Amino acid sequence: MADNFGRCIAPQGGVPGLDLAALPMVPDPAALDLAAKDLHAAGAGLRDAVTTTATNWNVLAVPFHTPELPDLLAAFTPVRVMAGTVNDGTSVAAAALSEFATACQAVKTLSGNLTEDASKLSSRIDLKGDDWGTVPAIVDEQHRLLAELNKIKARFAEAEQDCANKIRGVYGGTRYVSATREQLN
């Protein structure tokens, strides 16, 4: 099996053609999940505070009679609606962040597995020296690791895009899409 890597050794060890520095820089999943929970709580807190305030003003309507009372009570209607809208939006964004945190954890796990597998393959390549490219099992493993690196990068990019598009859906704006091979050429 001839390929571009058949007679080369990666500089300073490693697997030829496999650049582990190309693994995505993944944010801390626990911090993302905490931010999602805080965001959800903030939206719900705003909605609850506005609802409580409006309810308290309605309770005052019985002993409190003035000509302005209907206007005062009616003024809370749009505030309640806006608080509900804010809560709905923060709930969507919090869910998107939580899903992104889960995806980030999976990418971190896959990246760790790839790094371990690359280390094992690097040791096998070092033992074979320049002749490693003549051993089909080693070449097949190298190809598998290269494909796995690409899958990890694609999975992370897709998770970022999905999260951004769900949040974007709350307020509008640019919708992110993946480029096709034809669009890149």
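The values are calculated or read from the model by the stated rules, or taken from the named source; none is laboratory data. Quantities reported herein were computed from a predicted structural model and do not represent experimental measurements. Backbone-built Cβ (ideal geometry, glycine too); neighbour counts: all protein chains shown. In case anyone asks, the SASA skips ligands and DNA or RNA and just uses the protein heavy atoms, side chains included. Shrake-Rupley method; radii C 1.70, N 1.55, O 1.52, S 1.80 Å.
Per q in 0.10, 0.14, 0.16 Å⁻¹, report the Debye log10 I(q)/I(0) for the chain, using one uniform scatterer on each alpha carbon and no solvent.
The calculated log intensity ratios at q = 0.10, 0.14, 0.16 Å⁻¹ are -0.63, -0.89, -1.00.
Whole number in Å², please: accessible area per residue of the chain, 1.4 Å probe, ligands, DNA and RNA not counted.
Working: 11600 Å² over 185 residues.
On a per-residue basis, 63 Å².
Rg to Rh for the stretch 120-172: what is it, with Cα atoms only and Rh by Kirkwood?
Taking Rg over the Kirkwood Rh, I get 1.38.
For the stretch 40-142, what is one quarter of the convex hull surface built on the Cα atoms, given in nm²? Before the final figure, lay out the partial values.
Numbers: hull surface 37.3 nm².
Directional mean of the projected Cα hull area for the stretch 40-142 stands at 9.3 nm².
For the stretch 12-79, what is Rg from Cα atoms divided by 2.2 N^0.38 Å, rounded to two decimals?
2.42
How would the stretch 87-166 be classified by its alpha-carbon gyration tensor: rounded, prolate or oblate, with rounded meaning a/c under 1.5 and the a/b versus b/c comparison settling the rest?
Prolate is the answer for the stretch 87-166, as a/c is 1.5 or above and a/b outweighs b/c.
Residue by residue, what Karplus-based ³J(HN,Hα) values in Hz, rounded to whole numbers, does the stretch 66-74 have, using 6.51, -1.76 and 1.60 with θ = phi - 60° and x for Gly and Pro?
Values per residue, Gly and Pro as x: 9, x, 7, 3, x, 5, 4, 5, 5 Hz.
What net charge do the residues around Glu148 carry, taking every other residue with its C-beta under 15 Å from that of Glu148, with Lys and Arg at +1 and Asp and Glu at -1?
Taking every other residue near Glu148 into account, the sum is +1.
Which net charge results for the neighbourhood of Ala54, defined as the other residues with beta-carbon distances under 13 angstrom from its beta-carbon, given Lys and Arg at +1 and Asp and Glu at -1?
Working: positive: Arg47, Arg80; negative: Asp48.
So the environment of Ala54 carries a net charge of +1.
Compute the label zone of Lys128 within the stretch 144-177: residues whose backbone N is under 18 Å from the point 7 Å along Cα-to-Cβ.
Under 18 Å, as judged by backbone N against the label point of Lys128, lie 144-148 of the stretch 144-177.
Just reorder Arg155, Arg175 by solvent-accessible area, largest first, 1.4 Å probe, all chains present.
Numbers: Arg155 110, Arg175 145 Å².
Largest accessible area first, the list is Arg175, Arg155.
So if I place +1 on the C-beta of Lys and Arg and -1 on the C-beta of Asp and Glu, and nothing else carries charge, what would the dipole magnitude of the stretch 34-182 be about its Cα centre? I want it in debye, nearest 20.
Details: 15 positive and 18 negative charges, 28 e Å.
I would put it at about 140 debye.
Keeping the other protein chains in place, figure out the carbon and sulfur percent of the accessible area of the chain, with a 1.4 Å probe.
On the chain, the fraction of accessible area on carbon and sulfur atoms equals 59 percent.
How far is helix 136-171 tilted off the main Cα axis of the chain, in degrees rounded to 10, range 0 to 90?
Tilt relative to the chain: about 10 degrees.
If I fit a long axis through the Cα atoms of helix 76-128 and take the longest principal axis of the Cα atoms of the chain, what angle between them do I get, 0 to 90°, rounded to 10?
10 degrees
Students often forget the sequence filter, so: which lysines lie under 26 Å Cα-Cα from Lys153 once same-chain residues fewer than 8 apart are removed?
Hits, sequence-local ones excluded: Lys108, Lys120, Lys166.
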